[in-house]
Amino acid sequence: MAKTSIVSPAAHASGAKGNEIGVCTSLDVSLEGSEHDQLVSQPRSRDEQLLARLGYKQELNRGLGLFENWAATFACMNFVSGMPVLFGWVMMTGGPQAAFTSWTMVSTISCGLALALAEIAASLPTAGGIYFWAYSLGGSEWGPFLSWMTAWWNWSAWVLAVPGTQQGATNFLLSALQINYPDAALFHEAWFSLVLILAGLFIALLPNITSQRWLRLYFRIAIAIFLVLLVLFWVWFPVAAAGRFRSASFVFKTFHNGINRGPTQQASNAYCWLISLLFGAWEFGGYDASAHLAEETQDASKTVARGMWLSTASTALLSIPTLILILFCIQDFDALISATYANNWAEFLVQVVGRRGATAILIMNWIDCTCATAAVILSAQRVTFAISRDNILPGSSIFRKVSKVNATPVNAALLVICIAAAVSCTVLGSTVAFSAITATTVICQNMSYLFVLVTRHTLGRRRFEPSSWNLGRLSRPLGYLSVLWIVFLSIVLLLPQVFPVSIETLNYSPVCLVIVTAVSMIGWILPFGWGGRHWFRGPRKTVTATRQEQA
């Protein structure tokens with residue numbers, strides 16, 4: 001049976017009007033596995049036609065729109081809780097000046113990075129996202145290896161982001177309890193923290209294993225809570241701090257080098273500022289969350305791209321003035337950096353709105369951040385499903401199954417939760433381990449972006465066919481800028497974060513990075529036909545359209 005290879009069917013499908021297309025007069029297909037010679041029902045919508053040209057049949061329910069797609073990435077970023085997660089940390093690692101400058105720089109560059117990725121997403125809208133792009137751009141020679149490595153990088157990043165996000169959420173709840181019961185030893189116990197983390201993970205799991213109806217409801221609840229917190233920040237904080245605002249000199253010039261814990265200063269202020277980049281880098285990531293919903297989104301070619309860059313731009317535009325407002329409301333900086341709460345954001349809140357107000361906001365932060373965990377699980381679940389569909393993970397036959405009840409990859413979600421729970425057990429009671437997990441998440445995610453962007457402008461420069469949504473002449477400069485930024489940021493996040501360096505203060509993100517790389521490389525080079533290099537030829541196609549004509 002003859003077959004054709006189309007790199008960007010989005011470019012061909014973009015000219016169709018509406019979401020419905022005419023019936024194909026002729027369609028030859030080939031299937032994998034036991035369905036090899038069976039015909040599948042021909043796609044009726046433009047989205048299904050486009051997906052078939054990419055090699056997949058429609059399995060997931062396609063009922064999401066621009067709002068849900070935008071909300072997927074926006075909820076992952078979720079700055080009203082994402083910013084407070086590392087607020088106490090950045091006050092020690094640079095202070096107000098570093099918080100403002102690093103956040104502003106990271107958010108600005110991230111908008112360009114989101115645009116560069118959105119252009120690729122518009123051309124290749126599948127649930128696999130990043131790793132499917134790497135294969136398509138790398139071609140038959142390099143595509144399989146690039147796809148394999150990118151899949152492991154991206155999957156590891158999303159899975160590690162789940163425990164990192166929920167531990168940040170749990171620290172809000174613990175801080176609220178510590179404010180009201182300062183002498184209770186229970187709230188400082190590692191096992192109690194683990195119980196709260198596991199409970200939060202279970203709550204975040206629920207909307208991802210029920211139905212798309214509940215998922216849509218969840219997105220609306222998450223955005224509603226976000227808006228309530230944003231209003232509280234913008235109204236309550238300035239009213240409560242009226243007459244007590246800090247000066248512009250304090251906000252934009254105060255620098256605190258708190259990463260030197262020994263008798264001598266081993267790390268300079270410039271080095272300390274570089275480390276503070278994690279504050280913004282942890283927040284601005286997960287751009288591909290929108291891409292992983294491509295097979296559930298209507299008019300995916302345009303909607304996914306818009307969801308990616310609009311969510312990043314809106315986060316940047318709203319978060320920068322919010323951060324400035326918070327910095328002006330700081331009352332006692334020395335007390336802020338010396339407090340012993342699970343998250344010293346609690347000390348800031350107590351200074352500004354009092355104990356009761358702080359408790360209320362911390363509980364809302366916990367709810368909001370748990371919603372962000374649900375959004376991260378959503379993306380991790382979809383990535384797990386996509387790479388299992390292509391047999392990349394051990395046990396793929398289990399994790400690629402879609403529930404017949406709600407058309408949701410439930411097994412994939414359960415795998416993500418089990419790994420998240422295991423990782424949560426290893427980082428209990430260690431702030432250094434927590435920052436290492438966040439740094440590793442950012443690095444793994446950025447490495448997957450790096451593979452794709454470098455391939456897009458080298459091996460895949462001629463192979464890439466833009467869709468109707470593209471960057472035009474801005475494509476190359478934004479791509480090059482994004483590559484340089486990712487390389488720079490990845491190096492910074494591998495550096496020691498506390499001095500002097502010891503077993504207790506070591507930045508374990510390089511260790512985590514080596515583990516992820518080793519697992520993926522070993523899986524690729526295993527002998528006797530076991531390794532991916534022997535059998536992996538890129539994403540497996542469940543249906544290949546070879547000849548379609550619109551009536």
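The values are calculated or read from the model by the stated rules, or taken from the named source; none is laboratory data. Note that the structure is predicted; figures quoted are calculated from it, not measured. Here the Cβ is made from the backbone with ideal geometry for all residues, glycine too, and neighbour counts use every protein chain on show.
Number of residues in the stretch 54-96 that are at pLDDT 85 or above and on the phi > 0 side of the Ramachandran plot: the value is 2.
Do we have any residue at all in the stretch 149-163 that's of a type outside the set (Ser, Thr, Tyr) and over 16 Å from the mean Cα position of the chain (by Cα)?
Of the stretch 149-163, the ones of a type outside the set (Ser, Thr, Tyr) are 149, 151-155, 157-163.
Now restrict to residues that are over 16 Å from the mean Cα position of the chain (by Cα): 149.
For the stretch 149-163, residues of a type outside the set (Ser, Thr, Tyr) and over 16 Å from the mean Cα position of the chain (by Cα): present.
Could you say whether any residue in the stretch 374-383 is more than 26 Å from LEU215 (Cα to Cα) and either of a type in the set (Ser, Thr, Tyr) or surrounded by fewer than 24 Cβ atoms within 10 Å (Cβ to Cβ) (or both)? The answer is no, given that none of the residues of the stretch 374-383 is more than 26 Å from LEU215 (Cα to Cα) and either of a type in the set (Ser, Thr, Tyr) or surrounded by fewer than 24 Cβ atoms within 10 Å (Cβ to Cβ) (or both). So, ALA224, is that one within 22 Å of the chain's Cα centre (by Cα), surrounded by fewer than 19 Cβ atoms within 10 Å (Cβ to Cβ) and without any contact (Cβ under 8 Å) to a residue 24 or more places away in the chain or not? It is true that ALA224 is within 22 Å of the chain's Cα centre (by Cα), surrounded by fewer than 19 Cβ atoms within 10 Å (Cβ to Cβ) and without any contact (Cβ under 8 Å) to a residue 24 or more places away in the chain.
Among the conditions (1) β-branched (Val, Ile, Thr); (2) in contact with a Pro (Cβ under 7 Å, 6 or more places away or on another chain); (3) not in a helix (DSSP H, G or I), the only one that THR408 does not satisfy is (2).
ARG540 meets all of the listed conditions (1) part of a loop (DSSP other than H, G, I, E, B); (2) assigned by TED's automatic domain parsing to the domain that holds TRP142; (3) not small (Gly, Ala, Ser) but one, namely (2).
May I ask you to verify whether ALA433 is in the same structural domain as LEU146 (by TED's automatic domain parsing), over 14 Å from PRO207 (Cβ atoms), among the aliphatic types (A, V, I, L, M) and crowded, with 24+ Cβ neighbours inside 10 Å? Judged against the criteria, ALA433 is not a match. Does LEU124 qualify as being surrounded by 24 or more Cβ atoms within 10 Å (Cβ to Cβ) and of a type outside the set (Ser, Thr, Tyr)? It is true that LEU124 is surrounded by 24 or more Cβ atoms within 10 Å (Cβ to Cβ) and of a type outside the set (Ser, Thr, Tyr). If I ask for residues that are of a type in the set (Asp, Glu) and touching a Phe, Trp or Tyr at 6+ places or on another chain (Cβ under 8 Å), which ones from the stretch 289-326 would you list? Once the filter is applied, which keeps residues that are of a type in the set (Asp, Glu) and touching a Phe, Trp or Tyr at 6+ places or on another chain (Cβ under 8 Å), the stretch 289-326 yields only GLU295. Every test in (1) among the hydrophobic types (A, V, I, L, M, F, W, C); (2) under 20 Å from the mean Cα position of the chain (by Cα); (3) more than 25 Å from THR108 (Cα to Cα) is passed by TRP485 save one, and that test is (3). When each of LEU160, LEU113, LEU117 is tested for being assigned to a helix (DSSP H, G or I) and within 16 Å of SER520 (Cα to Cα), the lone residue that passes is LEU160.
crowded, with 16+ Cβ neighbours inside 10 Å, touching a Pro at 6+ places or on another chain (Cβ under 8 Å) and farther than 30 Å from VAL402 by Cβ: does that describe PHE172? Yes: the conditions hold for PHE172.
Condition check for ILE522 on (1) within 24 Å of ALA289 (Cα to Cα); (2) modelled with pLDDT of 85 or more; (3) not charged (D, E, K, R): one failure, at (1).
The criterion of at least 2 residues that are touching a strand residue (DSSP E or B) at 6+ places or on another chain (Cβ under 7 Å) is met, among helices (runs of 4 or more DSSP H) falling completely within the stretch 292-405, by 300-329. Just a yes or no: is a residue in the stretch 237-245 surrounded by fewer than 23 Cβ atoms within 10 Å (Cβ to Cβ) and on the phi > 0 side of the Ramachandran plot? Yes, that holds for at least one residue.
Let's see how each residue does on (1) over 28 Å from THR440 (Cα atoms); (2) in the same structural domain as ALA372 (by TED's automatic domain parsing); (3) touching a helix residue (DSSP H, G or I) at 6+ places or on another chain (Cβ under 9 Å); (4) hydrophobic (A, V, I, L, M, F, W, C):
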site: VAL228; (1), (2), (3), (4): yes, yes, yes, yes
site: VAL235; (1), (2), (3), (4): yes, yes, no, yes
site: ILE259; (1), (2), (3), (4): no, yes, yes, yes
site: GLN265; (1), (2), (3), (4): no, yes, no, no
site: SER276; (1), (2), (3), (4): no, yes, yes, no
site: GLU296; (1), (2), (3), (4): yes, yes, yes, no
site: TRP309; (1), (2), (3), (4): no, yes, yes, yes
site: SER314; (1), (2), (3), (4): no, yes, yes, no
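If only residues of the stretch 172-192 that are polar (S, T, N, Q) and over 19 Å from GLY82 (Cα atoms) are counted, the one that is farthest from the chain's Cα centre (by Cα) is ASN180. Of the helices (runs of 4 or more DSSP H) that lie entirely inside the stretch 56-108, those containing 3 or more residues that are crowded, with 24+ Cβ neighbours inside 10 Å and within 15 Å of the chain's Cα centre (by Cα) span 66-77, 79-85. Is it true that MET447 is modelled with pLDDT of 85 or more, crowded, with 18+ Cβ neighbours inside 10 Å and in a helix (DSSP H, G or I)? Judged against the criteria, MET447 is a match.
The selection criterion, being touching a helix residue (DSSP H, G or I) at 6+ places or on another chain (Cβ under 6 Å) and closer than 27 Å to ALA222 by Cβ, holds for GLY129. Note on the stretch 334-346: among residues that are out of contact with any Asp or Glu (no Cβ under 8 Å at 6 or more places or on another chain) and under 15 Å from LEU86 (Cβ atoms), the one that is surrounded by the most Cβ atoms within 10 Å (Cβ to Cβ) is ALA346.
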